[in-house]
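A short write-up of the structure that comes next.
What follows draws every value from the coordinates through simple rules; no lab data is involved. All figures in this text were calculated on a predicted structure; none of them were measured in a lab. When we count neighbours, we look across all protein chains shown, and the Cβ atoms used for this are built from the backbone with ideal geometry, even at glycine.
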Amino acid sequence: MRIIPAIDIMDGHCVQLVGGEPGTEELFGDPVEAAMEWMQAGATLFHIIDLDSALGTGDNLEKILRICQTVKLPVQVGGGIRDYEKARFLLESGVDRVILGTMAVADYHADFFNIRRLGEEFGPHRLIVALDSKSGKIVVDGWQKQTEFTATEFVKALSDLVWGFLYTDVDVEGRLKGVNLTGIRCVVESTPLPVIISGGISTLPDLKNIKELGAWGVVLGKAIYTGRIDFKEALTL
């Protein structure tokens, strides 16, 4: 199971939010410096989210591309990628995989036309679909709008089109109070594709439990920035 440090960017800063809510952010320095520190600690893959783009208040493309150029390690990027053109730009600019959430939901009624188009041009192995779940339903537009889809419904609809899935339980995200193992199990068991887990992970036992459920990887954010989990210990586990 891969341990993936999160680099969430807002207004040019590396931040961590509680439940994705603006105004709850804690600042943790420069995103490029954070990426360098995690690389030196042993990271082999980065999870970058452009929070300003997700919330429609701007973007942090310059910082994202600088991280790609600096660390020269695989990078998966999400947040505000809501059309084919932006996804293509990122994939052509050094991003290894794009994470598609709102765009995937919007694409549903068009038989995933844009996701199919990206898969044909760049390969399905460069596409991740975000399953951001709140109260059992997928949420979009920076987690501000709830849909009628469940995570497992979406998995079944997309399993032939993408590399894998990112499952985030928004109800526990950023709260350092543990994970929803039932929700994780349902998603992992619903697909043979890789599933990355995010949200609420705060202890080494959380990681062990997620690993036993068969997740491909986990994204660690606030837990490693605040020292609740030692990153090197997590890699060892």
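Tabulated results
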{"item": "The stretch 194-202 - phi-based ³J(HN,Hα) in whole Hz, Karplus 6.51/-1.76/1.60, Gly and Pro as x", "result": "x, 10, 9, 10, 9, x, x, 5, 9"}
{"item": "Alpha carbon centroid spacing (whole Å) that separates the stretch 91-143 from the stretch 1-50", "result": "21 Å"}
{"item": "Sorted largest first, extent of the stretch 186-228 alpha carbons per principal axis (Å)", "result": "33, 16, 13"}
{"item": "Where labels lie 7 Å past Cα in the beta-carbon direction, separation of residue 11 and residue 159 in nm", "result": "4.4 nm"}
{"item": "Choice from 214, 183, 227 showing the highest fluctuation, given a GNM over the chain with Cα pairs closer than 10 Å", "result": "227"}
{"item": "Cross-link partners of residue 232 among lysines (Cα-Cα below 24 Å; sequence separation of 8 or more within a chain)", "result": "72, 177, 208, 211, 222"}
{"item": "Packing-based exposure ordering (other Cβ within 10 Å, fewest first) of 83, 141", "result": "83, 141"}
{"item": "125, 47, 109 arranged by Cβ crowding within 10 Å, fewest neighbours leading", "result": "109, 125, 47"}
{"item": "Viscosity 1.567 mPa s, temperature 4 °C, Stokes-Einstein D of the stretch 2-231 from Kirkwood C-alpha radius, µm²/s", "result": "75 µm²/s"}
{"item": "Ellipsoid semi-axes in whole angstrom, largest first, where each is sqrt(5λ) of the Cα gyration tensor of the stretch 9-141", "result": "24, 19, 12"}
{"item": "GNM result for the chain, Cα springs below 10 Å: residue of 215, 110, 35 fluctuating most strongly", "result": "110"}
{"item": "Most fluctuating residue given options 68, 186, 14, as computed from a GNM of the chain linking Cα atoms under 10 Å", "result": "186"}
